[in-house]
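The values are calculated or read from the model by the stated rules, or taken from the named source; none is laboratory data. Remember, predicted model here, so these are calculated numbers, not experimental data. We place every Cβ from the backbone using ideal geometry, glycine too, and count neighbours over all the protein chains shown. These accessible areas exclude ligands, DNA and RNA; they are computed on the full protein's heavy atoms, side chains included. Shrake-Rupley method; radii C 1.70, N 1.55, O 1.52, S 1.80 Å.
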Amino acid sequence: MSGLPKLGFFPGSTIGNMNAFHAVDLLRAMREWLGEGARLLIGMDRIKSPDILVPAYDDAQGVTAAFNLNLLERINRELAGTIPVQAFRHRAIWNADAARIEMHLEAQRDVEFTVDGRTFAMDAGETIHTENSHKYGPNGGRMLLRAGGWTPIREWTDPQDWFALMLCEAQPLRMAP
């Protein structure tokens, strides 16, 4: 069995929570750790219509909203904050230019609060940008992988092409011509 390549497994679409610079850094670190000839099986979320994406991140049950608002509750609890959590609402916004869903907490009224002894103020409508979930088209996903030192060799998608699972190989590093 020692002749088999190492296999890295990065399921789901967690790579989408990182900006491109950090995603490439992680992919390069995985490549270095696993070594030349290794394989990586990685999940990526595809670009979809905002009509599908926004409701997925702003679900009717309020699960994502509760998760996002919990950040303010944790700040209050762990950093001696006085944030009026009820003054904020969760917003999921599709940013087409960056091909990502952005999670925001929007102030519903003017608010002033403290965190760790420092005072902050926000006007109604201002947001705290809390998270990103980048989406990749087929070419964008392949480019990201190549930038990280991986060559895609196989790809599987669901029938709607909403998600991809890609098998890649760590190729010898080479410089651009």
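Helix-only estimate, please: 222 nm mean residue ellipticity of the chain, summing -39500 (n - 2.57) across DSSP H runs of length 4 or more and dividing by its residues, to the nearest 500.
Computed mean residue ellipticity for the chain: -8500 deg cm²/dmol.
Taking the mean number of other Cβ atoms within 10 Å as a proxy for protection, how do you rank 78-88, 116-126, 97-107 from highest to lowest? Please report the intermediate quantities before stating the final value.
On the way: 78-88: 15.5, 116-126: 10.8, 97-107: 17.7.
So the peptides 78-88, 116-126, 97-107, ranked by packing, come out 97-107, 78-88, 116-126.
Return the Rg/Rh ratio of region 105-151 with Cα-based radii and a Kirkwood Rh.
Rounded to two decimals, Rg over Rh is 1.36.
What are the ³J(HN,Hα) couplings of region 54-60, residue after residue, when phi is run through the Karplus curve with 6.51, -1.76, 1.60 and θ = phi - 60°? Round to Hz, x for glycine and proline.
4, x, 5, 9, 9, 5, 4
Over region 77-177, what number does the Rg to Rh ratio reach, with both radii from the alpha-carbon atoms and Rh per Kirkwood? Provide the component values of the computation, followed by the final result.
Details: Rg = 20.7 Å, Rh = 17.3 Å.
Taking Rg over the Kirkwood Rh, I get 1.20.
For region 13-62, with all protein chains present and a 1.4 Å probe, just round the carbon and sulfur fraction of the accessible area to a whole percent.
Numbers: 1550 of 2710 Å².
Looking at region 13-62 in its full context, I get 57 percent from C and S.
Given the protein chains as shown and a 1.4 Å probe, how many square angstrom of Trp162 are accessible, to the nearest 10?
Roughly 90 Å² of Trp162 is accessible to a 1.4 Å probe.
Apply 1/(1 + (r/R0)^6) to the Cβ-Cβ distance of Phe67 and Phe10, taking R0 = 22 Å, and write down the FRET efficiency to the nearest 0.05. Please report the intermediate quantities before stating the final value.
Numbers: r = 22 Å, r/R0 = 0.99.
With a Förster radius of 22 Å, E is 0.50.
Compute the relative contact order of the chain as a whole-number percentage, counting only Cα pairs closer than 8 Å that sit 6 or more residues apart in sequence.
On the way: 330 pairs, mean separation 48.3, N = 177.
Answer for the chain is 27 percent.
Please calculate how many Å² of accessible area the chain carries per residue, with a 1.4 Å probe and no DNA, RNA or ligand atoms counted. Numbers along the way, then the final one.
Values: 10620 Å² over 177 residues.
With all protein chains present, the chain gives 60 Å² per residue.
From the Cα gyration tensor of region 11-84, with a ≥ b ≥ c the square roots of its eigenvalues, which class applies: rounded if a/c is under 1.5, or else prolate if a/b is larger than b/c, or else oblate?
Details: a/c = 3.42, a/b = 1.57, b/c = 2.18.
In terms of gyration-tensor shape, oblate.
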